[in-house]
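What follows is a short report on a single structure.
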């Protein structure tokens, strides 16, 4: 069974060889180039990925473009910055493939870097960790979803996800996925995955401003869901 893996990408040429080189057999990487200026698209293609161009900037725009390009029944999402190990993708796909869950998220557990991979900076800045904790707690309270982390590594059925008709094209996309899935009665679970120091500076959590911009997008998703 083929499984498609969507990787939103903005200037990740240093990380892509490690990420794509660790993709498990049967998992097809779909790298969505969201306006990179560092030759990420060529690097991704050279390492066997299907490359999709999404000129409209936004994390959600890139993720959705990858979803539309996917053809497998089961689809995954994960970051392309080497902070997550593709070899752990079976942890999130297993429960969905076995029919015991409809959406599974990887709960990030900070780990030390491993040899042979590019790294830079700390694993999880405090401002980003606190923002994630607040959103997870709010999600538990409002939607009744018992998640401890809104992790970017996740898996679900492609057609079912398309049926949720997600509209956010910015940083609220991952949260909207969970909120709409919960409203639709999906069985949502999580499993532990390693969270490693990313390659290069994060476009979201690398700065306090970026973190709060993402939180703002996610709060809007929660507000819209409450109306």
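Data table
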read-out	value
Top-ranked residue of the stretch 31-49 - restricted to ones that are in contact with a helix residue (DSSP H, G or I) (Cβ under 8 Å, 6 or more places away or on another chain) and surrounded by fewer than 18 Cβ atoms within 10 Å (Cβ to Cβ), ranked as nearest to residue 19 (Cα to Cα)	47
Sole exception among (1) part of a strand (DSSP E or B); (2) in contact (Cβ under 8 Å) with a residue 40 or more places away in the chain; (3) over 16 Å from the mean Cα position of the chain (by Cα) for residue 71, by number	(1)
Qualifying residue in the stretch 89-107 (condition: more than 16 Å from residue 156 (Cα to Cα) and touching a residue at least 40 places away in the same chain (Cβ under 8 Å))	no
Qualifying positions in the stretch 23-50 - assigned to a loop (DSSP other than H, G, I, E, B) and under 24 Å from residue 157 (Cβ atoms)	23, 24, 25, 26, 49
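This table checks each residue for (1) at pLDDT below 95; (2) not in a strand (DSSP E or B).
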| residue | (1), (2) |
| --- | --- |
| 155 | no, no |
| 161 | no, yes |
| 179 | yes, yes |
| 204 | yes, yes |
| 209 | yes, yes |
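The values are calculated or read from the model by the stated rules, or taken from the named source; none is laboratory data. For clarity, every value in this text was computed on a predicted model and none was experimentally measured. Cβ atoms come from the backbone with ideal geometry, glycine included; neighbour counts cover every protein chain shown.
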